[in-house]
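Here is the structure we will look at, set down as structure tokens.
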Amino acid sequence: MNFAADNFHLDRSRNATIQVFEHLRELIVSLAIKPGTVLARPQLCDFYKLSASPVREALLRLEEEHLVDIYPQHQTRVRRIDLAQARQAHFLRLSVELEMVQVLAQDADPVLARTLTALVERQRASLDSGDLGTFTQVDMEFHRCLYHAAAVPDLWSMMRSRSGNLDRLRRLHLPLNGKAQSILDEHGAIAAAIARGDAQAAQQMVRRHLSGTLSAIDALRARYPDLLLPLDYGAPVMAA
């Protein structure tokens, strides 16, 4: 584990545990910290310049989101991507966003249409420049905008807390086989369908948009066999 190049700065006006949690979560979800990495508490305390308590609490929160495994009196290790958790997050997100775009399309808002179009153009610019980090950030902004427009911002927060494994899977998929271009095209189509009040088209595109990564599980497992946990319980992983 090497944070030498990271530029984290602790904000003393905010809760330290939350900041450590948010920082580690972003590093894990972005795959800057790879599955299997050992997170040594003494090293974390040194890096964050904090006592053991906020670091321990942050790791417990990561464990609750199935992003790390904590072995008491032994070590904490970044969990391999949990396909069962990814599948459940996908199921939940698909259910919510299908209803959400229907509501938004039934009451088409020109201000929302302009905002979504601007986000798609920002995402296009980041893709054209090869900046997948910014591309991913704008991807999140696009979906967060939909949740806020539908007046369900708390659902966005809930969804984020359950989507860490799905997001890691999407990060693996993003650079492959034109996936980024597909995301861009699908965002454009969702925005256009909402703008013209076509709820059915918006729902069809959301279903396609959210199911692409899970349909590529076999290819991702073959390419990254050491990064994914086997699906050893529950229903099979499949596209909706």
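The values are calculated or read from the model by the stated rules, or taken from the named source; none is laboratory data. Owing to the predicted nature of the structure, the values given are computational and were not obtained by experimental measurement. A quick note on method: Cβ atoms are made from the backbone with ideal geometry, for glycine too, and the neighbour counts reach across all protein chains shown. Note: accessible area is taken over every heavy atom of the protein model, side chains too, but ligands, DNA and RNA are not part of it. Shrake-Rupley method; radii C 1.70, N 1.55, O 1.52, S 1.80 Å.
Taking trypsin sites (Lys or Arg not before Pro) across the stretch 128-197, the ones in a DSSP loop with at most 15 further Cβ atoms lying within 10 angstrom of their Cβ are ARG196. Here the simple spin-label model places points 7 Å from the Cα toward Cβ, and for LEU10 and GLU63 these points are separated by 2.2 nm. Its Cα gyration tensor gives the stretch 16-78 an equivalent ellipsoid; the semi-axes, largest first and in whole Å, are 15, 13, 11.
How high is the relative contact order of the chain, given as a whole-number percent (alpha carbon pairs under 8 Å, six or more residues apart)?
Value for the chain: 25 percent.
Take the stretch 154-213 with all the other protein chains still there, run a 1.4 Å probe, and you get 39 Å² of accessible area per residue. Dividing the summed helix terms, -39500 (n - 2.57) for each DSSP H run of n ≥ 4, by the number of residues in the chain produces a 222 nm estimate of -20500 deg cm²/dmol to the nearest 500.
Before anything else, pin down the relative contact order of the stretch 16-78: Cα pairs under 8 Å, at least 6 apart, normalised by residue count, whole percent.
42
Rolling a 1.4 Å probe over the protein heavy atoms of the chain, with every protein chain left in place, gives an accessible area that is 50 percent carbon and sulfur.
Computed over the alpha-carbon atoms, the stretch 83-224 gives an Rg to Rh ratio of 0.95, Rh here being the Kirkwood radius from the mean inverse distance. Note on the stretch 4-119: Kirkwood radius taken over Cα pairs, Stokes-Einstein applied at 25 °C and 0.890 mPa s, translational D equal to 146 µm² s⁻¹. Spin-label model, ASP226 to MET158: label points 7 Å out along the Cα-to-beta-carbon direction sit 3.9 nm apart.
Over the stretch 16-78, accessible surface divided per residue gives 48 Å², non-protein components excluded, 1.4 Å probe. The amide H of ALA40, built 1.01 Å from its N in the peptide plane, has no neighbour under 5 Å, considering only residues 5 or more places off or on other chains.
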